[in-house]
Amino acid sequence: MTITDNLRIIGERIRAAEQRYGREPNSVKLIAVSKHQPLTAIQEALQTQQYAFGENYVQEMQEKALALALNDSCIEWHFIGPIQTNKTRPIAELATWVHSIDRLKVAQRLNDQRPSQLAPLQVCIQVNLSEEASKSGVAFYEAEALAHQIKTLDRLQLRGLMAIPAPSKDVAVQRQVFRRLRELKDQLNQQSFKLDTLSMGMTDDMEAAIAEGATQVRIGTAIFGARNY
């Protein structure tokens, strides 16, 4: 199977889930997670008009953005990994979206370092729904306070929430966890926020995520195959 074939299959899964769960057609966006994938893989995906790519590591995103800058100006870089405060500048300068803000200091640095000639950085708060010590993300009960703090930063536009739940093969469990994130978004929107994004769902649980309101799903191995570490 080629990357083109895999993208078609994933697209069909997304559209089928939209229909099954009463979502608007094309309301779920695919983020192709390209970390540890070669440039040739991204270039093949670009030929299918897949323009949104997720990266976890700052240096890797920098290298790819530089190499592909003249290849296609439509590329949309989504930073989805943990953020170190000493590496915020390249993210602020290169990314269109940041999904993984989990503390005010990171948000402030991204805001201050976002070039004025660029549109505001589109951001999501990462919420640690499963309360796993090994995972990044703000605690569920702290997300509201962080949202209010980010709202004051004029070079960031808070769009929504992101989560990476603990793996489960039980669809009911998957949906229950994703439902908590959707309910948090709804709760924030009752307080004058205008959040429209839920970044949740990967290869093994994206149907459950779409059922609970995902607007962006992050798919890597099912598109590109095993990563070369």
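Every number here is computed from the coordinates shown, using simple stated rules; none is lab data. These figures come from a predicted structure and were not determined experimentally. A quick note on method: Cβ atoms are made from the backbone with ideal geometry, for glycine too, and the neighbour counts reach across all protein chains shown.
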Dimensions (Å) - segment 110-229, Cα atoms, principal axes, largest first: 42, 36, 26
Cβ-based charge dipole, the chain, positive-most Cα from Ala119, Ile164, Ala222: Ala119
Candidates per trypsin sites (Lys or Arg not before Pro) in segment 130-177, loop by DSSP, up to 12 other Cβ within 10 Å: Lys169
Glu24-Glu142 FRET efficiency (beta carbon distance; Förster radius 22 Å; 0.05 resolution): 0.10
Cα-based Rg of the chain normalised by 2.2 N^0.38 Å, two decimals: 0.97
Sum of -39500 (n - 2.57) over DSSP H runs of 4+, divided by residues of the chain (222 nm, nearest 500): -12000 deg cm²/dmol
Check: segment 3-224 dipole with +1 on Lys, Arg Cβ and -1 on Asp, Glu Cβ, in debye: 320 debye
Distance from segment 177-199 to segment 35-93 (C-alpha centre basis), Å: 27 Å
